[in-house]
Structures are given as structure tokens and as C-alpha cells.
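Asks: My questions will all concern the structure given below.
The values are calculated or read from the model by the stated rules, or taken from the named source; none is laboratory data. Note that this is a predicted model, so its numbers are computed, not measured. Don't worry about glycine lacking a Cβ; one is built from the backbone with ideal geometry, like all the others, and counts go over all protein chains shown.
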Amino acid sequence: MSEKELKKLDVQDDEIDLNQLFTALWDNTIVICATALIFAAASVFYSLSLSDRYKSEVLLAPVTSQGGLELSGQLGGLASLAGVNLGSDAQSDKTALALEILKSREFIGRFVAKYDLFVPIMAAEGWDRATDTLILDPEIYDDKSASWVREVKAPFKPKPSLLETHVEFMKSFEATQDKTSGMVKISVEHFSPYLAQLWLQNLVKEINDEMRQRDLREAQSSISYLNEQIKETNLSDLRTMLFSMIEEQTKTLMLANVRTEYVLKTVDPAVVPEIKSGPKRALIVIFVTFLGGFLASFVVLIRYFNRRTLG
């Protein structure tokens, strides 16, 4: 038999195998459909057991600083030593820094501790609209005795740590900046729409306060350093420049003490969301149903190949 005829037979075998493959799936259509329906029913019950979540969002604009000096050479180096940021990108850097601080473990940890958010973050599993109260998981927190009852292994303790709470909080928190417009959007998602809005308002307030306090400390330290440099030099031009730098730092002190929204100014404030953001029950049902049909088809094909191998 020629090589051409052998190749033709191989193609015919492949076609027969493909036909048998579809035949095997068709013969087990009832099994595949039944499995998909079982998965669909289970996904419906599962999706209905999930509590609604609500997302509150706020739109912020970076606050631009007025004035400023641009120095070069030795005077620019002196300004850097004094902690004076006089570059044109100072404000964009400050906004980026504020966002990174906002996501940091230390900041979120202090925020959670200050407002005592351990229970609503770690123990809540739903929200009762009629009474506007959180539904707590009794296996994690006993509301009657106000004590943590979750069972964990060392080094964890019944009461969640700040690190655990930070990880859980970041699952429902998002802060992004549009690279084109520079606008900042922050969102918080929770079972309670009222808590989502409240936390978001407090976060914006706290990050502005944090950046204000940082700049106050840096400005005061810079003024002290510049005053020392003025005492040590007799050059009139340099003294004039140092006084100008002190003036800039005094402006920073003034703005920090006067301006409430120090780094991020509210453009569109956070509101209590009326429409739930999740869970996406329809998508859950569709995905799980498809997964059930796929797994059933996969099992049918595995059985087909096993029978063919053994036969």
C-alpha cells in the first residue's frame, strides 16, 4: 500500500473518531443537561444567599499650590536640604503620595482603630434595611456579649489584628487617578450603604489631615534649618534668597492651617447608594451553569476514551 493511501486511511480514521466523539456527547445529552440544571439550581440558591453590597464613590481634584520658586545650582541643593520642594511636579507628586498613603497598612490601621471598624469589616455578613443594622456572623462575633468568638490557629487571635483587617478592607476599597485629567476617584463597598458613604467621607477627611500634618512638620523643620543658615552667612544675596524660601514655607504653614481640603478637593461628594453594586447573581448563575455543562461533557469524553483504550 502506498504512502498516499496510508495517509488517506489516517484521515478517514480521524473523521470516524470525530464522528464518534460527537455521537458520544449526543448519546449523553440528557446527562449533560441534567448536570447543568443541577449546577444552575445550586447557583441560584447560592447567589440568593449572598447579601447585597453597595458602593459609594467620591470624585476629587488635586489642590494646586499657588506660587513657588524654581531654583537651580547650589541654591536648589540648599532648598532640597531644607526640605523645600520647589519643582513644577511637586503637586502631582504630593497627590501620588497621598494615594499611596491612603492604601498603606499604617494609615488604614490607624483609620480602623480610630473609628473602631473591626466588627463591621470582619464580622458583618449582611444588612437589615428595615432597622438599618448590620447582620453579624455569630461564629465570628457574639453581639450579646460583645466578644470575638471565632476559632483561629496561632499566631492569630479571636479578635482580628490590624493587618487582617487591612487585608479585608482593601477587598472593598479602591483609589485611582486618571492620568490625563488628574482627577482622583475613591470608592468603598459594604453591606450597609450608609456605612460605605460615612467611611468614604472620613477617609477623605483623614488623608487631607494626614498630608496637612506632614507638611506642617516639614515646613516648621525647614524654617528652623533656614534660620540657622541665615545666621551662618554674611552674603546678602544668599540671605535674601533664604528669606524668600522662609516666606514660601510660611505660606505652606498658612495654607495648612486655613485650607480644610488640603490636598484633595471634593468635586462630586460621596452619597448613599440606592442601587446595589453586587453580587452579580445573573452572571453567577450563567457561569456556574456553563461550568456544570462543561464538566459533564468532560467526564463523558474521559469515559469514551477510556472505553476506547480498553476496547
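Here's the yes/no breakdown for (1) in contact (Cβ under 8 Å) with a residue 24 or more places away in the chain; (2) of a type outside the set (Phe, Trp, Tyr); (3) in the same structural domain as Ala196 (by TED's automatic domain parsing):
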residue: Lys231; (1), (2), (3): no, yes, yes
residue: Glu248; (1), (2), (3): yes, yes, yes
residue: Gly293; (1), (2), (3): yes, yes, no
residue: Leu301; (1), (2), (3): yes, yes, no
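Asks: While we're on this one: Please go through the stretch 216-246 and pick out each residue that is over 20 Å from Lys94 (Cβ atoms) and among the charged types (D, E, K, R).
Replies: Glu228, Lys231, Glu232, Asp237, Arg239
Asks: Sticking with this structure for a sec: Restricting to the stretch 105-120, name every residue that is assigned to a loop (DSSP other than H, G, I, E, B) and of a type outside the set (A, V, I, L, M).
Replies: The first filter runs over the stretch 105-120 and keeps only residues assigned to a loop (DSSP other than H, G, I, E, B), leaving 116-117.
Asp116, the sole residue that qualifies.
So that you can scan it fast, the table gives a plain yes or no per residue for (1) of a type in the set (A, V, I, L, M, F, W, C); (2) at pLDDT 50 or above:
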site	(1), (2)
Glu15	no, no
Leu25	yes, yes
Ala34	yes, yes
Arg53	no, yes
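Asks: Looking at Leu59, Leu48, Leu102, which one is under 25 Å from Val272 (Cβ atoms), part of a helix (DSSP H, G or I), within 26 Å of the chain's Cα centre (by Cα) and modelled with pLDDT of 90 or more?
Replies: Result: Leu102 is the single residue among Leu59, Leu48, Leu102 that is under 25 Å from Val272 (Cβ atoms), part of a helix (DSSP H, G or I), within 26 Å of the chain's Cα centre (by Cα) and modelled with pLDDT of 90 or more.
Asks: Mind telling me which of the residues Glu164, Glu189, Glu139 ends up being surrounded by fewer than 16 Cβ atoms within 10 Å (Cβ to Cβ) and either not polar (S, T, N, Q) or not in a helix (DSSP H, G or I) (or both)? Before you say what the answer is, go through the steps one by one.
Replies: Values: Glu164 fails: surrounded by fewer than 16 Cβ atoms within 10 Å (Cβ to Cβ); Glu189 fails: surrounded by fewer than 16 Cβ atoms within 10 Å (Cβ to Cβ).
None of the other options fit; the residue is Glu139.
Asks: Would the stretch 86-94 turn up any residue that is assigned by TED's automatic domain parsing to the domain that holds Lys159, closer than 17 Å to Arg212 by Cβ and either part of a loop (DSSP other than H, G, I, E, B) or at pLDDT 90 or above (or both)?
Replies: First pass over the stretch 86-94, keeping only residues assigned by TED's automatic domain parsing to the domain that holds Lys159: 86-94.
If we keep only those that are closer than 17 Å to Arg212 by Cβ as well, we get 90-91, 93-94.
Still in the list and also either part of a loop (DSSP other than H, G, I, E, B) or at pLDDT 90 or above (or both): none.
Looking through the stretch 86-94, none of the residues is assigned by TED's automatic domain parsing to the domain that holds Lys159, closer than 17 Å to Arg212 by Cβ and either part of a loop (DSSP other than H, G, I, E, B) or at pLDDT 90 or above (or both).
Asks: Would you pick out the residues in the stretch 244-279 that are surrounded by 13 or more Cβ atoms within 10 Å (Cβ to Cβ), part of a helix (DSSP H, G or I) and among the hydrophobic types (A, V, I, L, M, F, W, C)?
Replies: Within the stretch 244-279, Met245, Ile246, Leu253, Leu255, Ala256 qualify.
Asks: Kindly list the number of the only condition in (1) part of a helix (DSSP H, G or I); (2) in contact with a strand residue (DSSP E or B) (Cβ under 9 Å, 6 or more places away or on another chain); (3) not aromatic (Phe, Trp, Tyr) that fails for Glu218.
Replies: The single condition Glu218 does not satisfy is (2).
Asks: Against the conditions (1) charged (D, E, K, R); (2) in a helix (DSSP H, G or I); (3) touching a helix residue (DSSP H, G or I) at 6+ places or on another chain (Cβ under 8 Å); (4) modelled with pLDDT of 85 or more, where does Arg239 fall short? Just the number, please.
Replies: (4)
Asks: Right, next: For Tyr262, only one of the following conditions fails: (1) among the aromatic types (Phe, Trp, Tyr); (2) within 29 Å of the chain's Cα centre (by Cα); (3) assigned by TED's automatic domain parsing to the domain that holds Thr23. What is its number?
Replies: Only one criterion in (1) among the aromatic types (Phe, Trp, Tyr); (2) within 29 Å of the chain's Cα centre (by Cα); (3) assigned by TED's automatic domain parsing to the domain that holds Thr23 is unmet by Tyr262, namely (3).
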